[in-house]
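The values are calculated or read from the model by the stated rules, or taken from the named source; none is laboratory data. Not measured: the values here are computed from a predicted model. Cβ: placed from backbone, ideal geometry, glycine included. Neighbour counts: every protein chain shown.
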Amino acid sequence: MSSDVALGADLVVDTLAAEGVTHVFGLPGTTIMELIDALGRHADVRYLSTRHEQVAGFMADGLSRAGGPLGVCLASRGPGAANLAIAVQNAHDESIPMLALVGQVPQSINHRRSFEEMDVVSVFAPLCKWAVEITEAERIPELLQRAVRAAVTGRPGPVVVSLPLDVLQAPAEAAPGPRFRVHPPAPDPRGVAEAAALLAEAQRPALVVGGGATGDPEAVLALAEAAQAPVLSTWLRKNAVPNSHPAFLGALGYGAHDVSDRAVREADVIVALGCRFSEFTTKRWTLLPPSARLVHVDVDPAELGRVYPPTVGLVSDAAAAARALADALGPLADAAQSEQRGARRAQLRAEFDEVSAPVPAPEPGENAVSSAALTTVVRELAEREGVVLVQDVHTFGPWVARHVPVERPRSYYGSAGGAMAWGFPAAMGMALARPGERIVTLSGDGSFWMVAQDLETCVREDIDVVTVVVNNFSYGNTRDRQRFAHDGRYQGVFLGNPDFAEYARLLGGHGIRVTSDAELRPALEKALATPGPCIVDVVQDRMEGLPTGLTPPRAR
């Protein structure tokens, strides 16, 4: 430090380091200059500047989501804070732990409509797990450590901390306290017994596995085998278990196969693990049959009964509950009934294998790539050791949902929060969390172009990611809705794009342009073999869209 007296800004960085934070992503601004200076003087916490605060937020999301330390993003007051809002809201919707630090005007001039003044706590409170303003430098360790614990405890989520400039500039003699984490709750034994009794009686059980249960596939599969039940993941959480396992019947939600939906519609007992019954997963809350008895497991008691009243509700870590239910089912098992369940599950799996197989590519076109051919190459990527697939919000998404199996744990991530442009910045954060692996993003041209300026950040910081831009020169999801719901009256959906490969080279990265099916595999091989950031510009016809037979859900 530059003096013997520590300032509030130094205390913030010391506290972050004490909590295991390794990276802070942000954009400089007046109210956070002391904080950036303190970060520059600290050996254990690295600060990376982005070209937009939204990117900083998504990078923090990706770092946390991929298993790294808690992701932290940083923005200055007013407009800078507002630019973080999309990333904060998306993390809140998807239960991703994240810490957002926001500079604030000095307390001596607040509530006077000072330059770029914003009531940070009021603005962000509905968008995050907790929002707090620290008004005394001495309380920085106490409240900042509490913010970190709030972000990672229970149902994870983003926490926003407002830091007035005078607090960051004030002398402070406090120090961070000991780091600790709260262990997740185990299920109540009486509730486990009730749930096991329901499962033992079931003829057509089904497991629905959400994001809260994706960290322990062995626990989920132990329960699936004990109950001889099929496993369905929620939308974009198909990495819950290895997709080749006989119990797996696909992901629910947009792009789901009919057989996947039918396994839930016909169920008489449903066990939902770490699942919040979102609109897409439940086909707008029409998928679960009213006659089914529900066992709902979630670490957050507020989730139980919020959408569907459960027959048995268990406040518990999902993996712990799955193991306890599997153990409790053992003594209750009936051999004949288990055989019947297993036969039904095998029949459903055979149907699933048939419909989820690769789609034959059409006759090759001269100047465009088919989604069917791209799907085949992406399937090969998903099988490759050391490759992590990141699925952005784009028209190609349902092809991945239907026809790209995922085997390896923590090798596939998708954003179910709906925020366009999440994929590329999140992949940058994931690359920092998992430096020994190759992160490959599948992004639409509309999403990528929203954050394309931060390819410069990727090059400057030498972040090793491959971004496949599925380039159909349109906002494809909206185009398809206009095609089916508005009689093909297209308004505001077709785009004029540059050569994204040339754009990547202009910024100092690598770029490969692909205009035919035959060029796909060599281009991806070259991108994976080339160190540093790379853009693979996959040029499609502007009407290339959804898999055959799939229509987008209507806006209602």
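Take S447 and tell me if it is among the small types (G, A, S) and assigned to a strand (DSSP E or B).
So S447 fails the test.
Residues to consider are A368, A382; find the one that is outside any strand (DSSP E or B), surrounded by fewer than 23 Cβ atoms within 10 Å (Cβ to Cβ) and in contact with an Asp or Glu (Cβ under 6 Å, 6 or more places away or on another chain).
A368
Hey, among the residues in the range 46-90 that are basic (K, R) and not in a strand (DSSP E or B), which one's surrounded by the fewest Cβ atoms within 10 Å (Cβ to Cβ)?
Start the filter on the range 46-90 by keeping residues that are basic (K, R), which leaves 46, 51, 65, 77.
Next cut, not in a strand (DSSP E or B) only: 51, 65, 77.
Values: R51: 16, R65: 25, R77: 25.
By that ranking, first place goes to R51.
So that you can scan it fast, the table gives a plain yes or no per residue for (1) in a strand (DSSP E or B); (2) within 30 Å of G68 (Cα to Cα); (3) in contact (Cβ under 8 Å) with a residue 12 or more places away in the chain:
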position: A343; (1), (2), (3): no, no, no
position: V355; (1), (2), (3): no, no, yes
position: E407; (1), (2), (3): no, yes, yes
position: A419; (1), (2), (3): no, yes, yes
position: V440; (1), (2), (3): yes, yes, yes
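Which members of the range 95-144 meet the condition of being without any contact (Cβ under 8 Å) to a residue 40 or more places away in the chain, not in a helix (DSSP H, G or I) and not β-branched (V, I, T)?
H111, R112, R113, S114, F115, D119, K129, W130, A131, E133, E136 - these are the residues of the range 95-144 that are without any contact (Cβ under 8 Å) to a residue 40 or more places away in the chain, not in a helix (DSSP H, G or I) and not β-branched (V, I, T).
Can you pull out every residue in the range 477-504 that is of a type in the set (A, V, I, L, M), under 30 Å from E456 (Cα atoms) and out of contact with any Ser or Thr (no Cβ under 8 Å at 6 or more places or on another chain)?
Within the range 477-504, A501, A504 qualify.
H486 passes all but one of (1) crowded, with 21+ Cβ neighbours inside 10 Å; (2) over 22 Å from the mean Cα position of the chain (by Cα); which number fails?
Failing condition for H486: (1).
Look at the range 470-491 and say how many of its residues are over 18 Å from A421 (Cα atoms) and out of contact with any Pro (no Cβ under 9 Å at 6 or more places or on another chain).
7
Quickly run through the range 49-100 and pick out the residues that are among the basic types (K, R) and within 13 Å of the chain's Cα centre (by Cα).
Within the range 49-100, just R65 meets the criteria.
Is it the case that T515 is free of Cβ contacts under 8 Å to residues at least 24 places away in the same chain and either basic (K, R) or surrounded by 14 or more Cβ atoms within 10 Å (Cβ to Cβ) (or both)?
For T515, the condition - free of Cβ contacts under 8 Å to residues at least 24 places away in the same chain and either basic (K, R) or surrounded by 14 or more Cβ atoms within 10 Å (Cβ to Cβ) (or both) - is not met.
Can you find, within the range 236-262, the residue that is surrounded by the fewest Cβ atoms within 10 Å (Cβ to Cβ) among those that are touching a helix residue (DSSP H, G or I) at 6+ places or on another chain (Cβ under 8 Å) and farther than 19 Å from G274 by Cβ? Let's see the steps before the verdict.
If we filter the range 236-262 for residues that are touching a helix residue (DSSP H, G or I) at 6+ places or on another chain (Cβ under 8 Å), which is where we start, we get 236-238, 240-242, 245-260, 262.
Those left that are additionally farther than 19 Å from G274 by Cβ: 246, 254-255, 257-259, 262.
Values: P246: 17, Y254: 20, G255: 22, H257: 21, D258: 12, V259: 20, R262: 15.
By that ranking, first place goes to D258.
Return the residues of the range 260-279 that are over 16 Å from V355 (Cα atoms) and among the small types (G, A, S); say none if nothing qualifies.
A267, A272, G274, S278
Go through (1) in a helix (DSSP H, G or I); (2) touching a residue at least 12 places away in the same chain (Cβ under 8 Å); (3) under 22 Å from V451 (Cα atoms) one by one and return the number of the condition D537 breaks.
(1)
For every residue, the table says whether it meets (1) of a type outside the set (A, V, I, L, M, F, W, C); (2) assigned by TED's automatic domain parsing to the domain that holds G330; (3) over 21 Å from V400 (Cβ atoms).
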{"position": "A219", "(1), (2), (3)": "no, yes, yes"}
{"position": "A229", "(1), (2), (3)": "no, yes, yes"}
{"position": "L232", "(1), (2), (3)": "no, yes, no"}
{"position": "R237", "(1), (2), (3)": "yes, yes, no"}
{"position": "E266", "(1), (2), (3)": "yes, yes, yes"}
{"position": "R276", "(1), (2), (3)": "yes, yes, yes"}
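Out of the range 267-287, which residues are assigned to a loop (DSSP other than H, G, I, E, B) and under 17 Å from P310 (Cα atoms)?
Passing the criteria: A267, D268, G274, C275, R276, F277, S278, T282, W285, T286, L287.
For the list (1) under 30 Å from T548 (Cα atoms); (2) at pLDDT below 95, I need the number of the one condition that S447 fails.
The failed condition is (2).
Filter the range 388-405 down to residues that are at pLDDT 90 or above and part of a loop (DSSP other than H, G, I, E, B) and give me whichever is surrounded by the most Cβ atoms within 10 Å (Cβ to Cβ).
In this case the residue turns out to be D392.
In this structure, is G511 touching an Asp or Glu at 6+ places or on another chain (Cβ under 8 Å) and assigned by TED's automatic domain parsing to the domain that holds L381?
Taking the combined requirement at face value, the residue satisfies it.
In the set G215, G154, G211, G250, which member is in contact with a Phe, Trp or Tyr (Cβ under 8 Å, 6 or more places away or on another chain) and touching a residue at least 40 places away in the same chain (Cβ under 8 Å)?
Only one candidate qualifies: G250.
Of all residues being within 17 Å of F352 (Cβ to Cβ) and among the charged types (D, E, K, R) in the range 200-259, which is farthest from the chain's Cα centre (by Cα)? Just the residue, please.
Checking each candidate, the answer is R204.
Name the residue, out of A131, A175, A186, that is closer than 30 Å to Y413 by Cβ and surrounded by fewer than 16 Cβ atoms within 10 Å (Cβ to Cβ).
Working: A131 fails: surrounded by fewer than 16 Cβ atoms within 10 Å (Cβ to Cβ); A175 fails: closer than 30 Å to Y413 by Cβ.
Of the residues listed, the single one that is closer than 30 Å to Y413 by Cβ and surrounded by fewer than 16 Cβ atoms within 10 Å (Cβ to Cβ) is A186.
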